[in-house]
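Since every read-out is calculated from the coordinates, none of them should be taken as a lab result. On a predicted model such as this, the values are computed, not experimentally measured, just so you know. Methodologically, a virtual Cβ is constructed for each residue, glycine included, from the backbone with ideal geometry; neighbour enumeration extends over all protein chains shown.
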Amino acid sequence: EPIPMEMHKVKIVQQLHLLPTARRLEKMQRAGFNTFQLHNGDIFLDMLTDSGVNAMSDLQQSAMLRADDAYAGSETFFRMRDKLEELFGMPFCLPAHQGRACENILATRFVKPDSCVIMNYHFTTAKAHITRLGGRVEELVRAEGLVSKSDLPFKGNIDLEALETCILRETPANVPFVRLEAGTNLIGGQPISFANMQAATDICRRHGVLTVLDASLLQDNLYFIKTREKEMQSLSVREITRKIADLFDIIYFSARKFGFARGGAILVRDEALFHSMEDLVPMFEGFLTYGGMSVKEMEAMTVGFEESMDMDVISQGPQFIDYCVDRLSEYGIPVITPGGGLGAHIDVKEFLPHVPQTEYSACALACALYICGGIRGMERGTLSEERERDGSERIASMELLRLAFPRRVFTLSQTEYVIDRVKWLFDHRDLVGGLRFVHEPATLRFFTGVLEPT
Ligand code: F0G
C-alpha cells in the first residue's frame, strides 16, 4: 500500500488549537449538538466540508493581485470565461455567487409545478430549489451505488434502463432536465464513468431532454476516470474534460467545491439557451460580468481551472482519502468503499447499530467525534433529508458521517490522528446515544437545527 505524498509544500500556515475534552463537551452542548453551530476556533481539524476551504496555490494568490475591478465588463471576467471556454468548449458563462445560486437559476428557469427532474442522486440544495417550485426529484443511481462496501469503480452511475423508462413514464415534456452529478456527494463522493455519462446523455438527446452536469466535484471525478476507466487512460485530463463537456447542454459548478474559495457559474453552448437564463443573473446575483463574485476569486478560479488539469494536483484529495479509508477498513470500521472524492465516509448504520436513524445517528456520531478528538465532520443522513409532504420523517438511504479532506490542507500526520480517533470511537461506540430536535427548521434543517441527547 503506497503512502500518499504531498506534491506541494507549505508556504503560509494557520495555527491550530486543541481544546481539552471537557471544554469540547461544553462547546458541543452550546452548539445544540449540531457541528454547523461550532466556532472554528474551538475545532482542531475542520473536516466539515471541502467547500471554500481548499488551500490556494502561490500562482492563484499572485493572480488575485491583477484582478480588474469593474461593475460591468471586468477584464477578469473575460479571462475566466475564456479559460472556461478553452477547457469546456462552452462559450457562454453565467456567473453566480456559488453553486446553489446556479441551482436557483436553473430551477427558476426550467421547473414548473409537478415537473420531474431526474438525477443519478440528489444534492440537498439542488433538490430544495426544485421542490421549492413544486417540482419532484427522481433519483436513479444504480442500486449498487447505495451498497456501502464495494469494489465497484463508478458507484455514481445512473441506471440507464430506469432513466429511459422514467422519461417515457413522465413524458419528455415533463422532464425539464436530467442532472448528472460528478463525484456524487451524498453517496460518498462516488464518481460516474465517462461511458455512463455518454450513454445517459444519448438517451436524453434521443428524447429531446436537456442534460445538465453538476461539475462541482468534477476534479475528483476526472482523477477517477483517468485512473479507473480503462478506455480513458490514454487521454490527458484536459482531453477527458473536453469529452465530458461535449456530452452536456449545460454545465454548472460550485467553485467552492471545485477546489477554489468562492463562486460558481453556469456554462452553456447554445446562445438562445444562454439568453433564456441571462436576466436571472442581474436579478439574483449581480451584473453579468461578476455574478456576486469578487474579481479576486475569479482570477484565482481561472488559474485553478488550469491547475485542475494536472494529475499531481487533483490526485491529492483522492489519495489521502483512499489512505484513510483503507486504514479504517482494515480495522473493521464500516466505511464507504472504494474511497471516493470529497472525504472519507463512515457508514453509521453499521458503526452505531444501537442508534436508530430516527434519532439522527450520523449527527450523533459527528458530535461524538468532536468531543473525543476535536475533529469536525458533517452529518450526511436523515437529518440532511427534508420531511415528506405529510410531515413524516424521510429516512436517508445512506446514513453517513463525512470527514471531508479539503484539498492540500491536511498532512499525513493529521490524517493519522483522524484515523486514531475514529478507531478509539469505534472501540467505545456504546458511549454514543441518539439525538432529538429541540428546534427543527422547516427546510435544510441540518444547518440550523438545535438538538439534545434522547
Ligand atoms: N452541488 C454539489 C455536488 C455540491 O457538493 C454542492 C455543495 C453544491 C452543488 C452547492 O454549492 O455550496 O457553492 O452553493 N456542497 C457543499 C458540501 C455545501 O459541503 O457538500 P454551494
(request) Quick one: check the C-alpha center-to-center distance for region 114-141 versus region 221-246, whole angstrom. (result) 27
(request) Give me the Kirkwood hydrodynamic radius of the chain, using the inverse of the mean 1/r over all pairs of distinct Cα atoms, in Å to one decimal. (result) 22.3
(request) Starting from the amide H of residue 436, placed 1.01 Å from N in the peptide plane, find each other amide H under 5 Å away whose residue is 5 or more places distant or on another chain. (result) 452, 454
(request) Take every DSSP beta bridge with both residues inside region 58-309 and express the antiparallel ones as a percent of the total, to the nearest 5. (result) 50
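Can you give the Rg to Rh ratio for region 361-440, taking only C-alpha atoms and Rh from Kirkwood? Before the final figure, lay out each step's value.
Details: Rg = 14.6 Å, Rh = 14.1 Å.
That ratio is 1.04, to two decimals.
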(request) State, to one decimal in nm, how far the label point of residue 354 lies from the label point of residue 85, with both points 7 Å from Cα in the Cβ direction. (result) 6.2
(request) Find the centroid of the Cα atoms in region 365-433 and in region 298-327, then give the distance between the two in whole Å. (result) 22
(message) Quick check: from the Cα gyration tensor, does region 212-299 come out rounded (a/c under 1.5), prolate or oblate?
(response) oblate
(message) Please report, ordered by residue number, every helix of the chain (full DSSP H runs) that is 20 Å or longer along its axis going by C-alpha atoms and whose mean Kyte-Doolittle hydropathy reaches -0.5.
(response) 412-427
(request) Could you pull out the longest piece of the chain with no exposed loop trypsin sites (Lys or Arg not before Pro) in it, calling a site exposed if DSSP puts it outside H, G, I, E, B and it has at most 16 other Cβ atoms within 10 Å? (result) 150-386
(request) Could you estimate the translational diffusion coefficient of region 58-309 from the Stokes-Einstein equation, with Rh from the Kirkwood formula over C-alpha pairs, at 25 °C and 0.890 mPa s, in whole µm²/s? (result) 135
(request) Quick one: of 149/349; 226/349; 226/423, which pairs are farther than 23 Å apart, Cα to Cα? (result) 226/349; 226/423
(message) Need one number: nm distance between label points at residue 423 and residue 6, each 7 Å from Cα along Cα→Cβ, rounded to one decimal.
(response) 2.2
(message) Modelling each spin label as a point 7 Å along the Cα-to-Cβ direction, I'd like the residue 195/residue 284 distance in nm, to one decimal.
(response) 3.7
(message) Between residue 21 and residue 312, what is 0.36 nm times their sequence separation minus the Cα-Cα distance? Round to one decimal in nm.
(response) 101.0 nm
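Between residue 227 and residue 68, what length in nm is gained on full extension when 0.36 nm per residue of separation is reduced by their alpha carbon distance?
Numbers: separation 159, 0.36 × 159 = 57.24 nm, distance 3.82 nm.
Working it through step by step, the gained length comes to 53.4 nm.
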(message) So if each residue of separation counts as 0.36 nm, and I subtract the Cα-Cα distance between residue 388 and residue 236, what length gain in nm does that give?
(response) 50.3 nm
